[in-house]
Amino acid sequence: MDAVPLKLYVEDVTWAADGRRIVDSILLDVAPGEFVGLIGPNGSGKSTLLRTIYRVLRPDAGRVSLDGEDVWALGAREAARRTAVVAQERGNDFDLTVHEVVMLGRHPHKGLLDRDGPADLALVEEALERVQMQAFAHRLFHTLSGGEKQRVLIARALAQQARLLVLDEPTNHLDIRYQMEILGLVRGLGVTVLAALHDLNLAARYCDRLYLLSGGTVVASGPPEQVLTPGLIRAVYGVEALVERHPQSGLLQIVFLGPTTESLAGQ
Ligand code: ADP
Ligand code: MG
């Protein structure tokens, strides 16, 4: 995406359902062009927090701002121009071709009756090229593999020319090559990125900074080596782990040894 990256600021955001705070007083920021990862166990509130950021859920307290402007003051259309979303892998919900799915990215930029113009077509083609999916343009989206679908959804985000990309576990169920290709591609885009990620080793490898959620609150944030410590992994995930720099690659590496004895005793 060639757009100027955007600054995301999440200021004391709380969202509750049935009287329970699913996310509670979250403070998070992503600098322009930064790739920030959101990690935490199942049910810790990652998807809910992301939904408040891409303006599907309205916070009960606090605010989300894009370049200093509240997403609810911006309105749906302007917020959609600024923020592209790649949610979890979807089923057969698109009875559209790959080209049509990517063209959906142009939607927030067009008037109600506008047809697809040459500039829209050029952006769609460029986006498909960037994710190496040009050859699939006329395939039906639902016939693609999981990894191919994710690449098409990233192309849709590219065509959208959004300055913030929000991803919710974009690489679940993909094999390791696709996971690395997708995260490498996202990292190279130069836009601001906030991604919920499941795999802690991949989060360490691709993210500039991490936020660790537990029970709807941020329990740690910072560079991967500050967040992915054995103590925090034990406290939040209930797993004993070794964390070290790999001698040859220099990459942070987490080796999971097994559930902590306390969490076993609790079963
Ligand atoms: P994560 O993405 O980290 O796995 P979620 O944000 O999906 O976590 O969910 C956090 C918790 O909030 C879960 O316990 C989930 O059941 C609950 N939750 C999410 N959305 C709703 C809702 N609309 N109504 C009630 N509970 C919800
Ligand atoms: Mg989730």
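Does region 41-53 include one or more residues that are away from ligand 2 (no atom under 16 Å from the Cβ), within 16 Å of Ala157 (Cβ to Cβ) and within 16 Å of the chain's Cα centre (by Cα)?
Of all residues in region 41-53, those away from ligand 2 (no atom under 16 Å from the Cβ) come to none.
Checked region 41-53: no residue is away from ligand 2 (no atom under 16 Å from the Cβ), within 16 Å of Ala157 (Cβ to Cβ) and within 16 Å of the chain's Cα centre (by Cα).
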Given Ala157, Ala135, which one is open to solvent by 30 Å² or more (accessible area, probe 1.4 Å), out of contact with any Cys (no Cβ under 9 Å at 6 or more places or on another chain) and outside any loop (DSSP other than H, G, I, E, B)?
Ala135
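Evaluate the following for Gln179: is it at pLDDT below 95, part of a helix (DSSP H, G or I) and within 16 Å of ligand 2 (Cβ to nearest atom)?
Values: at pLDDT below 95: yes; part of a helix (DSSP H, G or I): yes; within 16 Å of ligand 2 (Cβ to nearest atom): no.
No: the conditions fail for Gln179.
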Out of everything in region 236-262 that is open to solvent by 50 Å² or more (accessible area, probe 1.4 Å) and either outside any strand (DSSP E or B) or assigned by TED's automatic domain parsing to the domain that holds Ser214 (or both), what residue ends up being modelled with the lowest pLDDT?
Glu262
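Residues checked against (1) touching a residue at least 12 places away in the same chain (Cβ under 8 Å); (2) in contact with a Leu (Cβ under 8 Å, 6 or more places away or on another chain):
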position	(1), (2)
Gly75	no, no
Ala80	yes, no
Gln88	yes, no
Gly111	no, no
Asp116	yes, no
Val124	yes, no
Leu128	yes, no
Gln132	yes, no
Ala137	yes, yes
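Considering each of Val191, Val166 in turn, give the residue that is more than 16 Å from ligand 1 (Cβ to nearest atom), surrounded by 16 or more Cβ atoms within 10 Å (Cβ to Cβ) and touching a residue at least 24 places away in the same chain (Cβ under 8 Å).
On inspection, the qualifying residue turns out to be Val191.
With the structure loaded, tell me whether Ala122 is surrounded by fewer than 21 Cβ atoms within 10 Å (Cβ to Cβ) and not in a strand (DSSP E or B) or whether it fails that test. Spell out the reasoning first.
On the way: surrounded by fewer than 21 Cβ atoms within 10 Å (Cβ to Cβ): yes; not in a strand (DSSP E or B): yes.
So Ala122 fits the description; yes.
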Tally up the residues in region 130-160 that are within 27 Å of Thr52 (Cα to Cα), modelled with pLDDT of 90 or more and not basic (Lys, Arg), please.
8
Please go through region 53-68 and pick out each residue that is modelled with pLDDT of 95 or more and open to solvent by 70 Å² or more (accessible area, probe 1.4 Å).
Arg58, Asp60, Arg63
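Do we have Gly37 as under 16 Å from Tyr211 (Cα atoms) and surrounded by fewer than 16 Cβ atoms within 10 Å (Cβ to Cβ) here? Break it down into steps so the answer makes sense when it comes.
On the way: under 16 Å from Tyr211 (Cα atoms): yes; surrounded by fewer than 16 Cβ atoms within 10 Å (Cβ to Cβ): no.
So Gly37 fails the test.
Enumerate the strands (runs of 3 or more DSSP E) found wholly within region 1-102, keeping only those where 2 or more residues are among the aliphatic types (A, V, I, L, M) and more than 12 Å from ligand 1 (Cβ to nearest atom). Let's see the steps before the verdict.
On the way: elements: 8-17, 20-30, 35-39, 61-66, 83-86.
Output list reads 8-17, 20-30, 61-66, 83-86.
Quick one: in region 196-210, which of the residues that are within 16 Å of ligand 1 (Cβ to nearest atom) and over 15 Å from Gln226 (Cα atoms) is surrounded by the fewest Cβ atoms within 10 Å (Cβ to Cβ)?
The selected residue is His198.
Report the residue count in region 189-201 for those that are modelled with pLDDT of 90 or more and away from ligand 2 (no atom under 16 Å from the Cβ). Don't jump to the end; show me each part of the working.
So the first thing to find is which residues in region 189-201 are modelled with pLDDT of 90 or more, and the list is 191-201.
Now drop any that are not away from ligand 2 (no atom under 16 Å from the Cβ), which leaves 191-193, 201.
Final tally of qualifying residues: 4.
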Going residue by residue through region 227-235, is there one that turns out to be surrounded by 21 or more Cβ atoms within 10 Å (Cβ to Cβ), at pLDDT 95 or above and outside any loop (DSSP other than H, G, I, E, B)?
yes
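The values are calculated or read from the model by the stated rules, or taken from the named source; none is laboratory data. Keep in mind it's a predicted model, so treat the numbers as computed, not measured. No Cβ is skipped: glycine too gets one built from the backbone with ideal geometry, and neighbour counts run over all protein chains shown. Note: areas computed on protein heavy atoms with side chains; ligands, DNA, RNA excluded. Shrake-Rupley method; radii C 1.70, N 1.55, O 1.52, S 1.80 Å.
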